1. Kindly establish whether A28 is under 13 Å from F258 (Cβ atoms) and out of contact with any Pro (no Cβ under 8 Å at 6 or more places or on another chain).
2. Specify the residue that is farthest from P92 (Cα to Cα); the eligible residues are those in region 116-136 that are open to solvent by 80 Å² or more (accessible area, probe 1.4 Å) and among the charged types (D, E, K, R).
3. Which residues, counting only those in region 140-184, are in contact (Cβ under 8 Å) with a residue 40 or more places away in the chain, open to solvent by 10 Å² or more (accessible area, probe 1.4 Å) and over 30 Å from F345 (Cβ atoms)?
4. Which numbered condition in (1) of a type in the set (G, A, S); (2) buried (at least 20 other Cβ atoms within 10 Å of the Cβ); (3) not in a loop (DSSP other than H, G, I, E, B) is the only one that A187 fails?
5. Would you point out the residue of region 230-247, among those that are in a loop (DSSP other than H, G, I, E, B) and under 18 Å from E58 (Cα atoms), that is modelled with the highest pLDDT?
6. Taking region 190-237 as the search range and keeping residues that are open to solvent by less than 10 Å² (accessible area, probe 1.4 Å) and of a type in the set (V, I, T), which one is nearest to L91 (Cα to Cα)?
7. Considering only residues that are modelled with pLDDT of 90 or more, more than 20 Å from the chain's Cα centre (by Cα) and hydroxyl-bearing (S, T, Y), which ones fall in region 294-344?
8. Residues in region 90-105: is at least one of a type in the set (A, V, I, L, M) and assigned to a helix (DSSP H, G or I)?
Amino acid sequence: MSPEDFRGLFPALRSTVWLDTPGMPPGARPVTDALHEAVSAWSSGELDWPVWDAAAGEARALFAPLVGADPATISTLGSLAEAAATVAGSLPRGRVVVAAEEFRSNLFPWLAQHDVVAVPARDGATRVEDLIAALDHDTALLAVSEVTSREGQRLDLAALREATDRVGARLFVNLTQSLGALRFDPATVRPDYLAVHGYKWMLGPRGAAWLVTRPDRLGELTALAPSWKSTSPPHGYFGGPMRLADDAGRCDTSPAWFSWLGACAALRLLGSLDADRVERHCLDLAGQLTEQAAGIGYRRVVSGPLSQIVVLRTDHADRLSARLREQGVRATALGDRVRFGFHYFNNEDDVRTTLSILAER
């Protein structure tokens, strides 16, 4: 599917330049249609809730190829925080390294249960070399986001995997701000745990998230909230001993049906795209904005490899964000910076419109 055809699936883009996918994207028609159909069936009484309930399992199978995983290693959860808390609760208390400015859903679960080494930002950004320097042979786990939402920084996961291997530590990778726009190489990174909430670059509703556990780590995985969904199918409802599933399904949480119906539609849409082409498109637009914004005095808050998220430093972020929104451009102010995100539905006109507003003084 071409970027133009993909763009046509988002009604909001007829009137808005949407560069706020790091917060949330606009609704894609196949996803919103699935939700409308569910609400209509609910309203008319024509619903079939066992069909709805099967959506999480279908989404698990659709998600698996995106990360090169066996569906049996994938848990279906409601959020990134649940995924991190599941892993945190599965490990003996130990030393966990995480960036001090990490998004709280990948910070607080570790703080709640482990001895956390919070690596401070340097010159406004988390440095890969600082994360590596914080690792030692007492480290149980390093938790990172491939792309950081505050800086738009794409961390070198291969280097972090090599560093954790040297000290015998596990690696937890959060792909919430990358999967759907950027390719993921499971063979190189080999994360012990991988988590993603699908309501950003994967275009689904909030409430559908995945935790992938490396096969050799499955035995240590403990359910955060055991429920009727924690057994192997067919799921029972009443009484009986607690015999949890042997695979990652034992950590499934009871699904919010509408979220998973939407997630299936989003995954089918993403599965129709060429992942290489999507990444090239997103990075090209990010590069254009970065280069041309520098020419009018706006600099990225970090140097190094581009991601699809461009974060520019400014002394008037709130005022600039408001001016952008007044002229139909959605972006987010974050203190001393403004954040822009490029998905496959964005185009060069979006870049030009944004730059013309940035150039206003």
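1. Answer is no for this residue.
2. D123
3. Passing the criteria: A140, R170.
4. It fails just one condition, (2).
5. Applying the filter and picking the extreme gives D247.
6. If we take residues in region 190-237 being open to solvent by less than 10 Å² (accessible area, probe 1.4 Å) and of a type in the set (V, I, T), then T213 is nearest to L91 (Cα to Cα).
7. Y298, T314
8. Within region 90-105 (the criterion being of a type in the set (A, V, I, L, M) and assigned to a helix (DSSP H, G or I)), the answer is no, since none of the residues qualifies.
The values are calculated or read from the model by the stated rules, or taken from the named source; none is laboratory data. Everything numeric here is computed off the predicted structure, so don't read it as measured data. Note: ideal-geometry Cβ built from the backbone for every residue, glycine included; neighbour counts use all protein chains shown. The area values use the complete protein model at the heavy-atom level, side chains included, leaving out ligands, DNA and RNA. Shrake-Rupley method; radii C 1.70, N 1.55, O 1.52, S 1.80 Å.
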